[in-house]
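Step one of this worksheet: look at the structure below.
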Amino acid sequence: MAPRILIIRLGALGDLVLCMQAFASVRAKHPDAEIALLTAPSFQGFARMMPWFDNVLLDPRPKLTDVGAWRKLVGAVKDFAPTRIYDFQGKLRQSILYYTLGGALWGPEWSGAASFCSHPRAWPPEKGMHYKDFLHAQ
């Protein structure tokens, strides 16, 4: 079975553009993998046009009290069943929700800022470091 890679990048349109080289690098590193991007619903059309992804998953950023939306989101990630996750978002929300609820402690490899992940990187970026260099370091 081919590896399944999930890349998390929710941010703004400019953030997605800044990540394009990183997206290309992940595709080059994993040429036979099925790669999905987890992003905001407002960027799904743009994300589906990018050549690096086979699938686009959506995170509508539900309120903490919206249990149904959380189940749907966690279920979509679990259904995709990634073998590795690249967290280019790097915020506390992903570390707690996706990493912990997604079972990353015993599940897929994780590259990001989550505590105890298999491929850790520092967060936040070093002072004065360009975001593209930060992603390259990851």
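The values are calculated or read from the model by the stated rules, or taken from the named source; none is laboratory data. From a predicted model like this one, the values you see are computed outputs, not experimental measurements. Glycine gets a Cβ as well: all are built from the backbone with ideal geometry, and neighbour counts include every protein chain shown. Just so you know, the surface numbers come from the protein's heavy atoms only, side chains and all, with ligands and any DNA or RNA stripped out. Shrake-Rupley method; radii C 1.70, N 1.55, O 1.52, S 1.80 Å.
Could you order Met20, Met1, Met50 by accessible surface area, starting with the largest, using a probe radius of 1.4 Å?
Met1, Met20, Met50
Using a 1.4 Å probe over the heavy atoms of the protein chains, calculate the carbon and sulfur portion of the accessible area of the stretch 1-54 as a whole percent. Could you put the intermediate results ahead of the total?
Details: 1540 of 2560 Å².
Carbon and sulfur: 60 percent of the exposed surface of the stretch 1-54.
Given a Förster distance of 30 Å, report the FRET efficiency between Met49 and His119 from their Cβ-Cβ distance, rounded to the nearest 0.05.
Details: r = 28 Å, r/R0 = 0.94.
Plugging the Cβ-Cβ distance into 1/(1 + (r/R0)^6) gives 0.60.
Write down the accessible area per residue of the stretch 1-59 in Å², having rolled a 1.4 Å probe over the full set of protein chains. Before the final figure, lay out each step's value.
On the way: 2700 Å² over 59 residues.
Value returned for the stretch 1-59: 46 Å² of accessible area per residue.
Please work out the ratio of the alpha-carbon Rg of the stretch 26-78 to 2.2 N^0.38 Å and round it to two decimals.
On the way: Rg = 12.8 Å, N = 53, 2.2 N^0.38 = 9.9 Å.
Compactness ratio reported: 1.29.
If you put +1 on each Lys and Arg Cβ and -1 on each Asp and Glu Cβ, how big is the dipole of the stretch 15-70 around its Cα centre, in Debye rounded to 20?
The calculation lands at about 100 debye.
Name the long-range amide H neighbours of Asp59: under 5 Å, sequence gap of 5 or more, or other chain; modelled H, no Pro or chain starts.
Thr39, Ala40
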